[in-house]
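See structure below.
The values are calculated or read from the model by the stated rules, or taken from the named source; none is laboratory data. None of these values were measured; they are calculated from a predicted model. We place every Cβ from the backbone using ideal geometry, glycine too, and count neighbours over all the protein chains shown. For accessibility, only protein heavy atoms count, side chains too; no ligands or nucleic acids. Shrake-Rupley method; radii C 1.70, N 1.55, O 1.52, S 1.80 Å.
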Amino acid sequence: MEQKDVAVKNPQVKPKDRTRWQQFLHDVKQSRHLYVLMIPYALLFLLFTVVPVFMSLGISFTYYNLLQKPTFIGFDNYLKLFLEDDVFIISLKNTLILAIVTGPVSYILAFVFAWLINELPKHLKSIMTLIFYAPSISGNAFLMWLIIFSGDAHGYLNGFLLKYGMIDSPIIWLKTEQYVLPVLIIVQLWLSLGVSFLAFIAGLKNVDKTLYEAGAIDGIQNRWQELWYITLPQMKPQLLFGAVMQITSSLAIAEISISLVGFPSVNYAGHTIVTHLMDFGTIQFDLGYASAIATVLFLIMVGANLLVRKGLRRIGD
Amino acid sequence: MTRTKKLKKSTKQNIFTKKRKLNRSLVGDLVLFLMLLGFGFFSAFPLIMTVSNAFKPLDELFLFPPKLLPRNLTTENFRSLSELMSQSWIPFSRYFFNTIFNTVVGTIGHVILASMCAYPLAKHKFPGRKLFFTIVVYSLMFAPQVTSTPNYIIMARIGLIDTPWAIILPAIGSSLGLYLMKQFMEQVPDDLIESATIDGASEYRIFGQIVMPLVKPAWITLIILLFQRLWANTGGTFIYSEELKPVSYALSQIAQGSIERAGTIAAVSFVMMIVPVTMFILSQSQILETFQTSGMK
């Protein structure tokens, strides 16, 4: 047993007469205990995360309502989605607007807050971390925004604006088309300092302090130069991880839309790809169509992630 | 000369003394601190209002300007909440039991299985390792909603619909925990594992007795993350029997009332948020330690 392990770790001792295939089988056999450790998790992960992506792609080419057998209909679902379904186009537009605003803004805010918090004394630092992180784990506490944006004069925002004479009569924020997306953006930003924020705070602790002193000797004069030339390049791994978390959640906005502006919202002003998907997947039970929506969403999410990753990798190069 | 003086000075830090930290100006510190305070208020205001509304009597709820603290503290809202709870035709203890069952089984399962899977990925080279981890990283790039429809079909096929396992099993197989655990385990020194191998310990023993005790901050993080997820899960379309629904579902039903129920809604939100927030407060330092290794290449 020990002999074999040495042979695996030392390529020079490897028998030269093995073909690549034999070597592969040998390696697999050597690692069998490792596979045993991995199998239980891997099965669940594959069954509920990986297989569904491919199933979704497959079902998207069919008509399927769970009761009858799926029938193949080619690209019909996709054609209907992009050519006939006006509501989908609205939801696509809303999703992209929400993501393009909340994604980058929440990402930058998460970093800036983490960076500022990092310089505070220890206890203040823990308190501020909690204040910014708490909204994302507070369950349905975001319902408080229902009262803030409430359409009558009791709503905090209306009350405030009325008191200072900025409006004459209360505005029905949640049911007026033009205000729906701005409201969702504000609430999503409030909710969005999640795991990426924690990753940034933790990542800042990793930065080697002596680099700052060395930088000062090399002529760095203020905090902004220090941030750009030393901190950001050092934080690259966390920045990449945080980007993934932030992009994925900014494209998946649904729950706050349903709870705050209703489902369906007024003139679909708060409809997103995910709410459209829920409509067909869990209410109308047109699973083929829902799968086509899911596949489009999957491509947008992974595409956006890969694109942003490519850009972020250039930091400090 | 002046540089070295500056460096010596930078060891003491206090925003109001003249000894400034390296590259920090007093004006900048003040401006940024005020900005942090402003955004901190924006972040905390809805939560503070939730907590204070939960303890406000009805006549104070709709006062303008809203009071951050209740004038007459009352537990009226919690009493009306428990009254609503006792009116439901499923005893409320049943909802609590469901949540506890889902959370405990799901969290323990996730921590154990994800750690078992993370260990080989972090510490060994074997065929398929790179491919598997790449898939895990890709899986972080899309939200679970993408897979909800096929998940429903799969669960219907294997008979998981309307059982607690429809919530528990996908949570156990969620990938963020595996990712964080694997990144954290990479720090475990190779020497420890090698010397244990030479002493004849099996991989299972190395995992259980050497690696696991060293990655405690990571399990705490996985526990907290999965707890938050399961605590907030309402069962959605996967569970339709009332007696299998979790407490978050029952509370969200109560919270769906109109604005006149604002006090009760605040009481519900308070109950829902206080548990995960307390857990985070207690484990903040371990969680941050775990996230130090969360970086991507």
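Looking across region A:251-271, the residues that are of a type outside the set (Ser, Thr, Tyr) and crowded, with 24+ Cβ neighbours inside 10 Å come down to A:LEU251, A:ILE253, A:VAL261, A:GLY270, A:HIS271. Could you tell me whether region A:114-123 includes any residue that is away from chain B (no Cβ under 11 Å), open to solvent by 30 Å² or more (accessible area, probe 1.4 Å) and more than 20 Å from A:GLY242 (Cα to Cα)? Yes, region A:114-123 contains a residue that is away from chain B (no Cβ under 11 Å), open to solvent by 30 Å² or more (accessible area, probe 1.4 Å) and more than 20 Å from A:GLY242 (Cα to Cα). Within region B:276-296, is there a residue that is open to solvent by 30 Å² or more (accessible area, probe 1.4 Å), among the acidic types (Asp, Glu) and within 8 Å of another protein chain (Cβ to nearest Cβ)? Yes: region B:276-296 contains one or more residues that are open to solvent by 30 Å² or more (accessible area, probe 1.4 Å), among the acidic types (Asp, Glu) and within 8 Å of another protein chain (Cβ to nearest Cβ).
Answer yes or no as to whether B:MET85 is under 30 Å from B:PRO189 (Cα atoms) and either polar (S, T, N, Q) or crowded, with 16+ Cβ neighbours inside 10 Å (or both). No: the conditions fail for B:MET85.
Might you let me know whether region A:88-95 holds any residue that is of a type in the set (A, V, I, L, M, F, W, C) and within 19 Å of the chain's Cα centre (by Cα)? Spell out how you get there, then give the answer.
Initial filter on region A:88-95 (of a type in the set (A, V, I, L, M, F, W, C)): A:88-90, A:92.
Checking which are within 19 Å of the chain's Cα centre (by Cα) leaves us with A:92.
Among the residues of region A:88-95, at least one is of a type in the set (A, V, I, L, M, F, W, C) and within 19 Å of the chain's Cα centre (by Cα), which makes the answer yes.
Meeting the requirement of 3 or more residues that are of a type in the set (Phe, Trp, Tyr), under 30 Å from B:ILE112 (Cβ atoms) and not assigned by TED's automatic domain parsing to the domain that holds A:ASN305, the helices (runs of 4 or more DSSP H) wholly within region A:29-135 are A:32-45.
For region B:162-187, how many residues are surrounded by fewer than 18 Cβ atoms within 10 Å (Cβ to Cβ) and either within 23 Å of B:ILE100 (Cα to Cα) or among the small types (Gly, Ala, Ser) (or both)? Quick ask: steps written out before the conclusion?
Pass one, region B:162-187, residues surrounded by fewer than 18 Cβ atoms within 10 Å (Cβ to Cβ): B:162-163, B:186-187.
Filter again for either within 23 Å of B:ILE100 (Cα to Cα) or among the small types (Gly, Ala, Ser) (or both), leaving B:162-163.
Going through region B:162-187 one residue at a time, the tally reaches 2.
One line per residue, one yes/no per condition, for (1) without any contact (Cβ under 8 Å) to a residue 24 or more places away in the chain; (2) away from chain A (no Cβ under 11 Å); (3) assigned to a helix (DSSP H, G or I):
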{"position": "B:TYR138", "(1), (2), (3)": "yes, no, yes"}
{"position": "B:PHE142", "(1), (2), (3)": "yes, no, no"}
{"position": "B:ILE153", "(1), (2), (3)": "yes, no, yes"}
{"position": "B:TYR179", "(1), (2), (3)": "no, no, yes"}
{"position": "B:ALA196", "(1), (2), (3)": "yes, yes, yes"}
{"position": "B:ARG205", "(1), (2), (3)": "yes, no, yes"}
{"position": "B:GLU243", "(1), (2), (3)": "no, yes, yes"}
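Filtering region A:151-185 to residues that are surrounded by fewer than 15 Cβ atoms within 10 Å (Cβ to Cβ) and either of a type in the set (A, V, I, L, M) or within 23 Å of B:LYS67 (Cα to Cα) (or both) leaves A:ASP152, A:ALA153, A:LYS163, A:TYR164, A:GLY165, A:MET166, A:ILE167, A:SER169. Of all the listed residues (A:ILE90, A:ILE97), the sole one being at pLDDT 95 or above, open to solvent by 60 Å² or more (accessible area, probe 1.4 Å) and among the β-branched types (Val, Ile, Thr) is A:ILE97. Restricting attention to region A:221-250, the residues that are outside any helix (DSSP H, G or I) and surrounded by 20 or more Cβ atoms within 10 Å (Cβ to Cβ) add up to 1.
Scan the helices (runs of 4 or more DSSP H) fully inside region A:155-208 and keep the ones with 2 or more residues being at pLDDT 95 or above and over 19 Å from A:LYS125 (Cα atoms). Break it down into steps so the answer makes sense when it comes.
Values: elements: A:156-163, A:177-191, A:195-206.
The helices (runs of 4 or more DSSP H) meeting that bar are A:177-191.
Residues to consider are B:THR74, B:THR50; find the one that is free of Cβ contacts under 8 Å to residues at least 40 places away in the same chain, surrounded by 15 or more Cβ atoms within 10 Å (Cβ to Cβ) and of a type in the set (Ser, Thr, Tyr).
Numbers: B:THR50 fails: free of Cβ contacts under 8 Å to residues at least 40 places away in the same chain.
Only one candidate qualifies: B:THR74.
Among the residues examined, A:GLY242 does not qualify as more than 20 Å from A:VAL112 (Cα to Cα) and not hydroxyl-bearing (Ser, Thr, Tyr).
Taking the conditions exactly as written (crowded, with 20+ Cβ neighbours inside 10 Å, of a type outside the set (Lys, Arg) and more than 10 Å from chain B (Cβ to nearest Cβ)), does A:VAL274 satisfy them or not?
On the way: crowded, with 20+ Cβ neighbours inside 10 Å: yes; of a type outside the set (Lys, Arg): yes; more than 10 Å from chain B (Cβ to nearest Cβ): no.
Spelling it out, it is not the case that A:VAL274 is crowded, with 20+ Cβ neighbours inside 10 Å, of a type outside the set (Lys, Arg) and more than 10 Å from chain B (Cβ to nearest Cβ).
Anything in region B:95-118 that is hydroxyl-bearing (Ser, Thr, Tyr), within 13 Å of another protein chain (Cβ to nearest Cβ) and under 13 Å from B:LEU178 (Cα atoms)? List them, or say none. Let's see the steps before the verdict.
Let us first name the residues in region B:95-118 that are hydroxyl-bearing (Ser, Thr, Tyr), namely B:95, B:99, B:103, B:107, B:115.
Remaining after also requiring within 13 Å of another protein chain (Cβ to nearest Cβ): B:99, B:115.
Matches in region B:95-118: B:SER115 only.
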